[in-house]
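A short worksheet on the structure shown next.
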Amino acid sequence: FADTALAVDLLSSSNLKSSFAAVYFPWLQIADPINKINIWLPPSLLALGTITYTAMNENVWQPPGGAIRTVTNNLVRSRRRLKIDDRETLKHGLINPITLFPGSGYEITEVRTTQEVFSALSMINNRLLLCYAKKVLNQVLRPLLFQMNGEVTKDAFLTTVRPIFDRIKKLNGVEEYTVEIVERPELNDRTTIYGRISIVPLYPVERIV
């Protein structure tokens, strides 16, 4: 379909309100060079291509949208050419518009998840950052398992985690972060290290006034 209000209504009545989900509009016609035909495909194809391109060529925590990152290979046209009012309707409905700009081409003009309450996790790049961090931490902290639970191992936890977030901060992924060991004597659990990582996230620039 090509109606922005209908798209917003469908998302509003769905159960897709989550920081783990993102919705795009409208459908796109893509050239199939193998079969030499043009086919209509959902906009998620362009979104996933842009996310992958951004992660491979920059970093996974960079916003997957805008003029320099949107992947438009073989894109012929969109089901609907969005105007300013259309884009505002979609934005307030938590849907990311794919917009044609004269002279510069198509681009994804929002990078929002479908989370209803605005926070850092309303941004796709911040959710991707957390997923990346959890994956990396699971890998690098495994060698600490079955080490003796003393100060040496706790120091090793800190010296293992800090360089990861130093790199993310240096590459413009977070504003600030802290890593600490949390003592939980009330749990009487001597076989677990409790660590806490707090980050101050960055937000993408959506407009310049």
Before we move on, is G105 among the small types (G, A, S) and farther than 19 Å from A5 by Cα? yes
What tally of residues in segment 56-66 results from selecting those that are part of a helix (DSSP H, G or I) and polar (S, T, N, Q)? 1
Verdict on Y53 being of a type in the set (F, W, Y) and either over 30 Å from F165 (Cβ atoms) or part of a strand (DSSP E or B) (or both): no
For segment 65-104, the count of residues that are open to solvent by 20 Å² or more (accessible area, probe 1.4 Å) and of a type in the set (S, T, Y) equals 3
Of those in segment 1-45 that are of a type in the set (S, T, N, Q) and farther than 25 Å from R127 by Cα, the residue surrounded by the fewest Cβ atoms within 10 Å (Cβ to Cβ) is N35
Having 1 or more residues that are in contact with a Lys or Arg (Cβ under 6 Å, 6 or more places away or on another chain) and at pLDDT 95 or above is the bar; report the strands (runs of 3 or more DSSP E) wholly within segment 67-186 that clear it. 96-101, 174-181
Could you grab me the full set of residues in segment 1-50 that are touching a residue at least 40 places away in the same chain (Cβ under 8 Å), farther than 20 Å from R80 by Cα and in a loop (DSSP other than H, G, I, E, B)? L16, K17, S18, S19, F20, A21, P33
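The values are calculated or read from the model by the stated rules, or taken from the named source; none is laboratory data. It should be emphasised that the depicted structure is a prediction, and the values quoted were computed from it without experimental measurement. Quick reminder, even Gly has a Cβ in these numbers, built from the backbone with ideal geometry, and neighbours come from all protein chains shown. Accessible surface areas use protein heavy atoms only, side chains included; no ligands, DNA or RNA. Shrake-Rupley method; radii C 1.70, N 1.55, O 1.52, S 1.80 Å.
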